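One structure is given below, encoded as structure tokens.
The values are calculated or read from the model by the stated rules, or taken from the named source; none is laboratory data. What you are looking at is a predicted structure, and each value in this text was computed from that prediction instead of being measured. Positions of Cβ are generated from backbone atoms using ideal geometry, with glycine treated the same way; all protein chains shown enter the neighbour counts.
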Amino acid sequence: MKTNKEGLKLLRDKIGAFVNISDCKKALEECNGDVDKAVEKLRIIGLAKAGKKSDRMATDGLIAMHLGENNGILIELNCETDFVARNEKFMELAENLASLAHKERCINVDDLKNIKYENYATVHEYIMNESSIFGEKLELKRVCYMENKQGVIAGYVHGLTSSLGKTGALISIESSGDKIKLQEIGKQIAMHIVAMRPEALSINDLDSEKLHNERSSITAQIKSLNKPEEIANKIIEGRISKYYQEVVLLEQKFIKDDKLSISNFIKVNESNLSCSIKLLGYKLFTLGDLQ
């Protein structure tokens, strides 16, 4: 039978413009013009095609964020090219998955993959189907969920929209202060984290082995200068202090005001809000990171 143009348009609207038009026509013909049956047929075909893409590399994509008052989530959804990453339907998929992960309080990728999604058995099946539609491998790489009932979770994503981009950060703040003001303070710090990419929240949180290696390297350099011991030790401690300012969040110079460290920025806001503000932790997602 001939394919009805109206049926073909409806099918393309439902399944997505990335699906080859000849495949849509064929599915409609085999289903006698029944659009819903054609959608299901293409979905089954899509799952099979998606399996063949499993060994391909998905190194592009988006970081998506969803925030509540005292909880928030970051996810990384990968694809193969920036062309797909900037497609509206891919962006919508990333936002929907972040929203779902937030609603269900998913703490890892498997939690999210195993949730039922619309007419699909699981989110994983839905992603595989979308992979066929886009013609690229799609992969849900990682999920981070943060919650703080004694304060707020704030965040920032740098990129396409306020919730989608290539880099994003969440931060947990413990405080009894005004929630809206704390969210803004947290957003400012999250912006700093995205820009400066600290390695640890505080000096005590630094990796001990890495710190030991850094100190050993600095000490060896200074000792080779044959300075008097007292002067050499002062230089070593100065270099270590500078190292802290480079990699420790609380010691870094605030990106919006280099006269303030992040710890000083917090103290200023404690004074403004007349309450204590404590950073409990943060998480940074940068597209393509191995962690």
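Given (1) of a type outside the set (Ser, Thr, Tyr); (2) surrounded by 23 or more Cβ atoms within 10 Å (Cβ to Cβ); (3) free of Cβ contacts under 8 Å to residues at least 40 places away in the same chain, where does ILE73 come up short, assuming only one miss?
(3)
Select from the stretch 82-100 the residues that are in contact with a Gly (Cβ under 7 Å, 6 or more places away or on another chain) and surrounded by fewer than 16 Cβ atoms within 10 Å (Cβ to Cβ) and list them in ascending order.
Passing the criteria: only LYS89.
So, in the stretch 47-74, exactly how many residues are under 20 Å from SER131 (Cα atoms), at pLDDT 95 or above and of a type in the set (Val, Ile, Thr)?
Of the residues in the stretch 47-74, 1 are under 20 Å from SER131 (Cα atoms), at pLDDT 95 or above and of a type in the set (Val, Ile, Thr).
Output the residues belonging to the stretch 206-229 that are farther than 17 Å from SER241 by Cβ and among the charged types (D, E, K, R).
ASP207, GLU209, LYS223, LYS227, GLU229
Taking the stretch 180-200 on its own, how many of its residues are among the acidic types (Asp, Glu) and either part of a helix (DSSP H, G or I) or within 18 Å of ILE277 (Cα to Cα) (or both)?
1
Answer yes if at least one residue in the stretch 31-46 is at pLDDT 85 or above and either charged (D, E, K, R) or in a helix (DSSP H, G or I) (or both), and no otherwise.
No.
Filter the stretch 141-179 down to residues that are in a strand (DSSP E or B) and among the small types (Gly, Ala, Ser) and give me whichever is surrounded by the fewest Cβ atoms within 10 Å (Cβ to Cβ).
GLY165
Considering only residues that are over 19 Å from PHE90 (Cα atoms) and part of a helix (DSSP H, G or I), which ones fall in the stretch 111-140?
ASP111
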